[in-house]
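Structure, as structure tokens:
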């Protein structure tokens, strides 16, 4: 049904509120960052990262106050334009809000100092990796209409299994494979509960989180803490520089000097996108997630599709778990996932249940996460505890902002009964 | 899915009374068997970790109830000499379990009231912490008040702090449809970081450790026995709260609305109920109850708040609410059970070397069995009388 | 002539219900077998067994004389059986091609979907059977009539010889029904055999070669269409004489009670589904709103009852505009609502009957005193209403979900009629009900009219509209195409309006 009616009241309200948001952002930038920077201060954004193979280039040096004012002016101008005329894409407008604010904030925070932008982007991708894997696990499960909120628990178990088996076998790949397998196994348990016994999907996920936290903490305090060197000290995957590509300035260190888990994540995003939208398996998965009865009447085995997807999702979460230990610190600590599984679910929603979208929004969370680390180093006059809250607050804001407009698969969360 | 093509039902052969009797029996049977099965599987885990489950559970039992022999001896001494020290020592484990159960009752009610409205409050842990910090603040900062004023103020402070913390995700859910499960968890992490800051700065007591000052004596919940027994008024306030929640949910129009919104939000809207108001109200109440749990712990037991103060309470509360079938009476029973489990677990850890985390494993299993009564039926070959569904939450609920 | 399909002694039990009791049916090659029965007779269950969605407890199925086992839709498809379901089995967010290929996807290089190949095949089938459709269109953008074509193409793409059409006319305009009958004719001519499931007597007489009638899960008998009459079939179907026409006196309408002006409404997906609707309902009359399902009737009713916000326009009750259109405000002003989806909006299935009977008035005296619920009064109110509205239930304490559809609807009617009302809005009031319940609900609605209530009935069943209404408004694509006097309106005229032809044009032709 096409909309021939002119702009309605609710659309006008929305236009106005977006415009005001932009104007307010401009004002806020001016008040928060503009006034307290001095006119002769310079901000240096470092573009080279020590110890990488990238060809060195000059750093980006900008006058701090002028940059902040420019950002303030852009936000205000776009806001005024929006109020007067109206722009179609609200996503782009919110993007402008975020962009101007972040740039102004960074310029202010690093005024008179140097801030390594390339390092920040590199660590954003690394920190986004477990979130992206959790999000991809969510995407693949929920596309077949099974909500898996137990990702956190799966990742904890896989993290522990990875480090312990890798330490025992002296082989990181053994740890990686077993982490993936245990992730699949725990997810299979979830699938069995929600498909065979029709357990409430959220409750089952919460139970997995509790059991995951309980089992790993139990093993940690009964065994690992007494024998750290023999059980809980695996080392980590080395950084692999991709020849040639890693020499590109900025992009090289960010994309082409990473460890195996990060590369696997990037690969997974692409593969999953192709699988989901261009193969029979993907067509069946989407049909099962949208209208399982229709799929069933055409001979698609709804339960089988769901089992397969949830288990593959669990394996991806298992990879995410492995990242925490053998992919980053080489050691297991109790509750080391710190809510990343749930943040991944928010990334999935923000990414509209698409692999690429989920990955992109994971990058935002990774950015927020690495930002707080950098800011602590810069000694920004904000207590570090508040900076640590940033990823959680960003999650809530994003979830609140988009959830009404992001439409989940129609059958998401509902058990299928013939 | 609507069945449009089934003939009308034949007359029921069983009487309603028979069905009712059997379903009460079943309502008790499944939780009991779930706990038993959870303990059995927990025993398997203990065995697998190289310890003796019987020895471990023995330590668990004496840790939670005390040794019967000591009790008899203590009574004997009381009667023969009038000296009650031995008896007090003997009932220490039992009262200590009740002390542990007190915040569980509040926290379990918090999750249960959420379930009744179709909301899953995983944020009890954060609300607990904020409640505890607020009541501690009122407890140590207001000076010179008589107990009759100071104690209620401190309790109210805790309830309000928790209510605020619960209300935020409630409002976001009601107004924007943002899922409360993710948001309450985010609120937990924010609460932890906020408390880190408060305890290391604004609310820090003088000294080295990041803890609050002790609350004043006028804000402490009175204890019934001499030290070391910590059994206090909080337990009875918790029982009163359970009764009030029962009355509120089942005997008032507000409770009717909450249950209607939880059971079928579309029909509730059709009947003119305000979904947004109910979501916010319920999350505020849930937060207040969780805040009271923290309050009871601060004012009744610890008298100060430190880091990691609320660890584990959120998940315990979920298990308790599920085990108690979201009914206040069930919640009280389940909270007592977990009070005894946790009370004994400390003893088990020191006597048998079993990490206290075993309780979390048992809890997780109990949740699974409660949510999937089919598994329990299948294990114990119990016939189902009617199809039983446990609808607690729904999708991403936009 | 051979029998392509024989079902013998099919029995299916659900907990507490014998849905199919030793059913035998036979389908002759190249013929149309009409399976007639009212809602709840067991027709859909039987067809779901044939299609492998349910397992029968007893009985056998033979295709061309060979006994076959059908355990899944795949088995049925292999036997050349295809089914067009009453509720379309299409994924709305996918294209026609994707829906057709689902389950038997051809691939390029063994990995990637070959959509082009399927699209071409769809075009071939379209040409061969006159089923025009764009393979790249998304289902959600297609009208229901076209969606039905997609369903038929899905079946033909799988090379089915035996087609089951489950209530295929329920969602069509009279003209579209004619079109469907032509398609059925083409299918028969190309050698297909068809089972046509319906509860509409006239359709049976129009198309069937053989007729088998089901009642309460049993075969009542088979009859030659040449000897059958509407009356005979009705008696077989219901088991007694039924009065197919609602008994009613001529209306004596007075002043308007509900006036709707220039209403615009958005649905939950933000589509503008009601576009400038105006009408009035007068005291003591029934205004029927006819139209093919999905033309904005649902959203219109939701807006009138406060379940969806108004985008624009005004609603006036007794000459007073309703400024805040919340459900509470509207129902307090004396509007009763029998909702389209009784299990979604009308009842809380997990609540006892007594609570459902005070669902809209729980906060008022006598049910509440302050915030305290008055249980004794709630129970006695329920006992009275169950008695008065003949709700068949063991007691008032059982959950509403345990009642049959007809009794659930009676609970809603009892609740809505037990408070003082000026306007009754009844949306699809008899959908899915048995004939007895339909008669009862119709009688109650007319009774309310005669008491002076303004009644708005929305139904996609044209027969229901014709038998209840005093005036008839037809909706198409969110607009009212015209309002007719029921006495003079013809089915053909209404059908044209339902298909989007303007009133002026229908009277000219």
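Just so you know, all these numbers are worked out from the coordinates, no wet-lab data involved. Remember, predicted model here, so these are calculated numbers, not experimental data. All Cβ positions, even for glycine, are placed from backbone atoms using ideal geometry, and neighbour counts span all protein chains on display.
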Within the range A:123-154: backbone nitrogen closer than 19 Å to the residue A:239 label point (7 Å, Cα to C-beta):
A:123-130
Scale the Cα Rg of the range C:3-238 by the rule-of-thumb value 2.2 N^0.38 Å and send over the ratio, two decimals.
1.02
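Which whole-number percentage describes the relative contact order of chain A, with Cα contacts under 8 Å and a sequence gap of 6 or more? Don't skip to the answer; put the middle values down first.
Numbers: 770 pairs, mean separation 102.5, N = 418.
Relative contact order for chain A comes out at 25 percent.
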Extending each Cα 7 Å along its Cβ direction at residue C:159 and residue C:450, get the distance between those two points in nm, one decimal.
6.2
Given a Förster distance of 45 angstrom, what is the FRET efficiency for residue A:16 paired with residue A:59, based on the Cβ-Cβ distance and rounded to 0.05?
0.60
Jot down the per residue volume, in cubic angstrom and as a whole number, of the convex hull over the alpha-carbon atoms of the protein assembly as shown.
211
Cα→Cβ-extended label distance, 7 Å offset, between residue C:123 and residue C:29, nm
3.4
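Classify the range B:30-380: rounded, prolate or oblate, from the alpha-carbon gyration tensor (a ≥ b ≥ c, eigenvalue square roots; a/c under 1.5 rounded; otherwise prolate if a/b is larger than b/c)? Spell out each step's value before the answer.
On the way: a/c = 1.68, a/b = 1.18, b/c = 1.43.
Because a/c hits 1.5 or more and a/b fails to exceed b/c, the range B:30-380 counts as oblate.
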Cα convex hull of the range A:128-402: how many Å³ per residue?
144
Can you bin every Cα-Cα distance in the range A:200-356 into 10 Å intervals starting at zero and give me the percent of pairs per bin, rounded to whole numbers?
9, 27, 31, 22, 10, 1
Which of B:134, A:137, C:360 has the fewest other C-beta atoms within 10 Å, and how do the rest follow up to the most?
C:360, B:134, A:137
In degrees, nearest 10, range 0 to 90: what is the angle between the Cα axis of helix C:435-450 and the longest Cα principal axis of chain C?
30
Rounded to the nearest 0.05, what FRET efficiency is calculated for residue A:226 and residue B:44 with R0 set to 30 Å and r the Cβ-Cβ distance?
0.85
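Nearest 5 is fine: what % of DSSP beta bridges in chain C come out antiparallel, could you say?
On the way: 49 of 84 bridges.
In chain C, DSSP labels about 60 percent of beta bridges as antiparallel.
Defining a contact as two alpha carbons under 8 Å apart and six or more residues distant in sequence, what relative contact order in percent does chain C show? Walk me through the numbers before you get to the answer.
Numbers: 1007 pairs, mean separation 75.1, N = 509.
For chain C, the relative contact order is 15 percent.
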Give me the percent relative contact order of the range C:3-238, please, defined on Cα pairs under 8 angstrom at least 6 residues apart.
29
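Between Rg and the Kirkwood Rh of the range A:9-112, both from Cα atoms, what is the Rg to Rh ratio?
Working: Rg = 16.6 Å, Rh = 14.9 Å.
Ratio of gyration radius to Kirkwood radius for the range A:9-112: 1.12.
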Percent of alpha carbon pairs in the range B:175-318 separated by more than 28 Å?
36
By what distance, in whole Å, do the Cα atoms of the range C:126-230 stretch along each of the three principal axes, largest value first?
45, 26, 25
Residue exposure sequence - C:488, A:44, C:430 - by fewest surrounding Cβ within 10 Å:
C:488, A:44, C:430
With Cα atoms, 0 to 90° folded angle of helix C:144-157 axis to chain C main axis:
20
Short to long, in 10 Å steps from zero, the percent of alpha-carbon pairs of chain C per bin is 4, 17, 26, 26, 18, 8, 2, 0
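Which number do you get for Rg(Cα) / (2.2 N^0.38 Å) in the range C:33-157? Before the final figure, lay out the partial values.
On the way: Rg = 16.3 Å, N = 125, 2.2 N^0.38 = 13.8 Å.
Here the answer is 1.18, to two decimals.
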Short version: what are the Cα gyration tensor semi-axes of the range C:1-67, square root of 5 times each eigenvalue, largest first, in whole Å?
21, 14, 9
Rank the residues B:137, C:112 as a footprinting-exposure proxy: fewest other Cβ atoms within 10 Å of their Cβ go first.
C:112, B:137
According to the Kirkwood expression over distinct Cα-Cα pairs, how big is the hydrodynamic radius of the range B:310-390, in Å?
13.9
What angle do you read, to the nearest 10 degrees and between 0 and 90, between the alpha-carbon axis of helix C:405-417 and the longest principal axis of chain C?
20
Modelling each spin label as a point 7 Å along the Cα-to-Cβ direction, I'd like the residue C:235/residue B:75 distance in nm, to one decimal.
8.4
So if I take the centroid of the Cα atoms in the range A:182-239 and the same for the range A:63-117, what is the distance between those two points in Å?
43
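Grab the beta carbon distance between residue C:246 and residue C:329, set R0 = 25 Å, and tell me the FRET efficiency rounded to 0.05. Don't jump to the answer; show the numbers that get you there.
Numbers: r = 33 Å, r/R0 = 1.31.
E(calc), rounded to 0.05, equals 0.15.
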